[in-house]
Amino acid sequence: MEFIATNKELTKEEKYFLTKAQDVQKMTEAVDQILDLTAWAIYTDVDRDGKEVELFAMLTEDGDKFATNSSTFISAFREILDIFEPEEIKRLKVMSGTSKNNRTYITCAYVSPIED
């Protein structure tokens, strides 16, 4: 496993929750939700077939854990990072759509943090 990008120096606990926790939910379960992020990571791991895959995982302020291997989602997230660098991304909306081939996909959009 290799971390490609993170929002901060992750603690061992955060690394575990992002990569190995058994209660991680599929990102598709968060569609249409706005999530407040505490930690996130883009990393590589080996799937059950021995192939290296790129993954995205996040921890939310509510204590939820979500992950995906969706290249569409990861690409959209990277575009957000590029636009807002060096600012930290704190809120995301998870969205879904339908491709020209009539397949459902997930993606994400930046959401401005709530101003206190």
Subject >> Carbon and sulfur %, accessible surface of the chain computed with the full protein complex present, 1.4 Å >> reply: 43
**OP:** For the range 99-110, just list the computed ³J(HN,Hα) in residue order, Karplus coefficients 6.51, -1.76 and 1.60, θ = phi - 60°, integers in Hz, with x standing in for Gly and Pro.
**Re:** 6, 4, 8, 6, 9, 7, 9, 10, 8, 9, 9, 5
Original post:
Rounded to the nearest 0.05, what FRET efficiency is calculated for I34 and E13 with R0 set to 22 Å and r the Cβ-Cβ distance?
Top reply: 0.35
Subject >> Taking the range 32-79 and dividing mean pair separation by its residue count, relative contact order in percent (alpha carbons under 8 Å, at least six apart) >> reply: 31
**OP:** Multiply the residue gap between F84 and A5 by 0.36 nm, knock off their C-alpha separation, and tell me the result in nm, one decimal place.
**Re:** 27.0 nm
Original post:
Pairs K20/K51; K51/K93; K8/K100: which are spaced more than 27 Å apart, C-alpha to C-alpha?
Top reply: K51/K93; K8/K100
Original post:
What's the FRET efficiency of N102 with S75 using the Cβ-Cβ distance as r and R₀ = 22 Å, to the nearest 0.05?
Top reply: 0.60
Original post:
How many angstrom lie between the C-alpha centres of the range 84-116 and the range 1-66?
Top reply: 15
**OP:** Might you tell me the accessible area per residue for the chain, computed with a 1.4 Å probe and given in Å²?
**Re:** 66
Subject >> Highest-first arrangement of 21-32, 45-56, where packing means the average Cβ count within 10 Å >> reply: 21-32, 45-56
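The values are calculated or read from the model by the stated rules, or taken from the named source; none is laboratory data. Here the structure is a predicted model, which means the values were calculated and not measured. Backbone-built Cβ (ideal geometry, glycine too); neighbour counts: all protein chains shown. Quick note on the areas: whole protein, heavy atoms, side chains included, nothing else; ligands and nucleic acids left out. Shrake-Rupley method; radii C 1.70, N 1.55, O 1.52, S 1.80 Å.
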